[in-house]
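Novice: Okay, handing you the structure first.
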Amino acid sequence: MKITMIGTGYVGLVSGACFSDFGHDVICVDKDADKVTGLERGEMPIYEPGLKNLVARNVEAKRLSFTTDLAAGVADADAIFIAVGTPSRRGDGHADLSYVYAAAGEIADNLSKSAVVVNKSTVPVGTGGEVERIMREHAPDLDIAVVSNPEFLREGAAIGDFKRPDRIVIGTDDEKARDVMREIYRPLYLNESPLLFTGRRTAELIKYAANAFLATKISFINEIADLCEKVGADVQDVSRGIGLDNRIGAKFLHAGPGYGGSCFPKDTLALMKTAQDYDSPVRIVESVVQVNDTRKRAMGRKVIDAMGGEVRGKKVAVLGLTFKPNTDDMRDAPSIAIVQALQDAGANVSAYDPEGMVEAAHIMEDVHMANDAYAAAEGADALVIVTEWDTFRALDMRRIAGQMNAKTLVDLRNIYQPDDMQKLGFDYFSIGR
Ligand code: UDX
């Protein structure tokens with residue numbers, strides 16, 4: 001099939017590259033000429049394990065190309081995917097759909113034959129209908145079906161999630177569009193990834209409900225972790241103990257400093273707004289958001305308390321800045337609130353992250369960006385682990401203990417064992433244990 005992908009961000013670039021790897025002919029369109037030039041030169045605009053090779057292999061096989069020319073890109077496409085950003089609108093938390101609507105109009109203006117237009121961006125319930133209305137306005141004599149096909153890609157695991165999805169959700173009532181989507185996803189369908197056909201609004205809501213539920217699991221175990229600290233229980237065992245119930249499942253029950261990223265914060269907020277607009281508020285999700293927001297700030301307080309309550313002039317080393325491992329993404333990362341709280345209390349902060357240093361330098365001020373974990377810990381009064389990168393799991397903690405000025409260790413991802421750290425002389429604090 002001939003597929004056009006509008007937008008080459010996390011979703012568009014990964015989806016386009018994977019579709020081409022299935023054997024489809026894919027043209028990725030982006031307004032940003034620098035990004036397109038870079039992609040043609042094999043430079044990736046995002047850090048995603050395996051993406052560089054996947055793109056290179058398919059560009060080489062002439063199944064994947066990049067352009068800024070939307071008209072040429074959509075001309076004879078069988079399906080056009082909209083994968084542009086839908087960030088939280090300034091201030092009110094609604095999803096900003098201006099990029100989606102702009103793409104819809106531009107596509108319709110440049111279509112010469114009927115086509116299937118697919119919303120892959122995360123869009124509020126009802127957006128598909130609005131996109132269809134806009135396109136019909138721009139191209140009244142074309143038969144255009146707008147389909148909802150939400151993605152469930154995790155950053156750092158996006159290619160695996162695309163190629164081995166738990167399910168593919170297709171929202172449309174148009175029979176022809178269903179046949180096109182079945183053909184596009186045939187390679188996955190053949191290896192038994194269930195194809196779920198449903199209405200467009202249902203498909204749109206499935207995406208929000210999925211992310212809101214995952215965020216709920218995280219805020220739930222985070223609150224249980226706080227209770228564990230008070231009653232003297234171990235949250236890792238609680239998590240294991242409830243996760244073995246297959247109605248609950250073990251995943252997304254790791255207590256930490258709170259969730260971040262470009263999806264959970266944005267999607268929970270957008271769902272809350274939609275629910276309020278339809279006078280059917282999702283009060284549990286509202287609590288999940290509130291718990292998460294206060295938690296990030298509380299983590300800064302936790303570090304300050306671990307250091308005896310007074311950190312003015314003291315040095316704190318932070319390991320891990322990105323919102324999760326295996327990404328360079330700093331959006332809504334807990335480290336931002338934690339570093340801010342420490343600096344507001346007068347601490348000097350040094351930091352190291354395997355991939356996030358460049359992004360972090362745009363967001364954080366007066367943070368000493370160290371070359372590695374050991375350099376960050378040099379002379380520090382406290383070491384704080386914020387993101388559970390694999391490289392932090394096998395640090396030479398004896399060496400670290402020897403080079404710190406004081407031995408406070410705050411492990412916000414529970415990657416070390418308390419007794420191991422206490423044997424090394426650390427004053428060790430963690431989450432829920
Ligand atoms: C998420 C969804 O998983 C994905 O399906 C959707 O398409 C996009 O949003 P992503 O935001 O990339 O993916 O990362 P994810 O791995 O879900 O983690 C999100 C946040 O939750 C991270 O900050 C992570 O640290 C946190 N988290 C995750 C926990 O604190 N505990 C957990 O057990 C799991």
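Novice: What shape does region 2-198 have by the C-alpha gyration tensor, where a ≥ b ≥ c are the square roots of the eigenvalues, rounded means a/c under 1.5, and otherwise prolate means a/b greater than b/c and oblate the rest?
Specialist: Rounded shape, in that the Cα axes give a/c under 1.5.
Novice: So if I place +1 on the C-beta of Lys and Arg and -1 on the C-beta of Asp and Glu, and nothing else carries charge, what would the dipole magnitude of the chain be about its Cα centre? I want it in debye, nearest 20.
Specialist: Approximately 820 debye in magnitude.
Novice: Please report the antiparallel percentage of the DSSP beta bridges confined to the chain, to the nearest 5.
Specialist: 5
Novice: Which shape class, rounded, prolate or oblate, goes with region 287-367 when its Cα gyration tensor gives a ≥ b ≥ c as root eigenvalues, a/c under 1.5 marks rounded, and past that a/b bigger than b/c marks prolate?
Specialist: Taking the square roots of the gyration eigenvalues as a ≥ b ≥ c, region 287-367 is oblate.
Novice: Determine the gain in length on full extension of the stretch TYR101-ASN246; use 0.36 nm per residue of separation and subtract their C-alpha separation, reporting nm with one decimal.
Specialist: The TYR101-ASN246 span can extend by a further 48.1 nm.
Novice: Going by alpha carbons, how many degrees (0 to 90, nearest 10) lie between the helix axis of 10-21 and the longest principal axis of the chain?
Specialist: Relative to the chain, helix 10-21 is tipped by roughly 60 degrees.
Novice: May I pose another question? At 25 °C and 0.890 mPa s, what whole-number value in µm²/s does Stokes-Einstein give for the translational diffusion of region 200-433, with Rh from the Kirkwood sum over Cα pairs?
Specialist: 133
Novice: May I ask you to sort ILE6, ILE336 by Cβ crowding, counting other Cβ atoms within 10 Å and putting the fewest first?
Specialist: The most exposed by this proxy come first: ILE336, ILE6.
Novice: Also, quick follow-up: Listed here are the pairs LYS35/LYS176; LYS163/LYS217; LYS113/LYS324; LYS35/LYS302; LYS324/LYS407; LYS217/LYS302; which of them are more than 32 Å apart at the Cα?
Specialist: LYS35/LYS176; LYS113/LYS324; LYS35/LYS302
Novice: Listing VAL289, VAL316, VAL74 from the residue with the fewest other Cβ atoms within 10 Å to the one with the most, what is the order?
Specialist: Neighbour counts put them in this order, fewest first: VAL289, VAL74, VAL316.
Novice: Only Lys, Arg, Asp and Glu count, each charged at its Cβ (+1, +1, -1, -1), so figure out the dipole size of region 200-433 about its Cα centre, rounded to 20 debye.
Specialist: So the dipole magnitude of region 200-433 works out to roughly 480 debye.
Novice: Using +1 at the C-beta of Lys and Arg and -1 at the C-beta of Asp and Glu, which of ASN119, VAL238, HIS138 has the Cα lying farthest in the positive direction of the dipole of the chain?
Specialist: Highest projection toward the positive end goes to VAL238.
Novice: Mind running the shape call on the chain? Use the C-alpha gyration tensor, a ≥ b ≥ c as the square roots of the eigenvalues: rounded below 1.5 for a/c, prolate if a/b tops b/c, oblate otherwise.
Specialist: prolate
Novice: Which ordering of ARG178, ARG413, ARG312, ARG297 is given by a fewest-first count of other beta-carbon atoms within 10 Å?
Specialist: Final ranking by Cβ density, sparse to dense: ARG312, ARG297, ARG178, ARG413.
Novice: Still on this structure, please answer the following. Along its three principal axes, how long is region 369-433 when you only count alpha carbons? Whole Å, largest extent first please.
Specialist: Largest to smallest, the principal-axis extents are 30, 23, 17 Å.
Novice: Can you tell me the equivalent ellipsoid semi-axes for region 47-99? Use √(5λ) from the Cα gyration tensor, largest first, whole Å.
Specialist: Those come to 29, 19, 8 Å.
Novice: Right, something else. Once fully extended, how much extra length lies between ALA233 and ASP427, figured as 0.36 nm per residue of separation less the alpha-carbon to alpha-carbon distance?
Specialist: Gain on extension, ALA233 to ASP427, equals 67.9 nm.
Novice: Let me ask something else. So what's the angle, to the nearest 10 degrees on a 0 to 90 scale, between helix 334-344 and the longest Cα principal axis of the chain?
Specialist: 40
Novice: In deg cm²/dmol and to the nearest 500, what is the mean residue ellipticity at 222 nm of the chain if only DSSP H runs of at least 4 residues count, each as -39500 (n - 2.57), divided by the residue total?
Specialist: Helix contribution divided over all residues of the chain: -13500 deg cm²/dmol.
Novice: Measure nothing but the geometry: give the 0 to 90° angle between the long axis through the Cα atoms of 127-138 and the longest principal axis through the Cα atoms of the chain, rounded to 10°.
Specialist: 40
No lab work stands behind these numbers, since they all come straight from the coordinates. Model, not experiment: these values are computed from the prediction. As a convention, Cβ positions derive from the backbone with ideal geometry for all residues, glycine included, and neighbour counts pool all protein chains shown.
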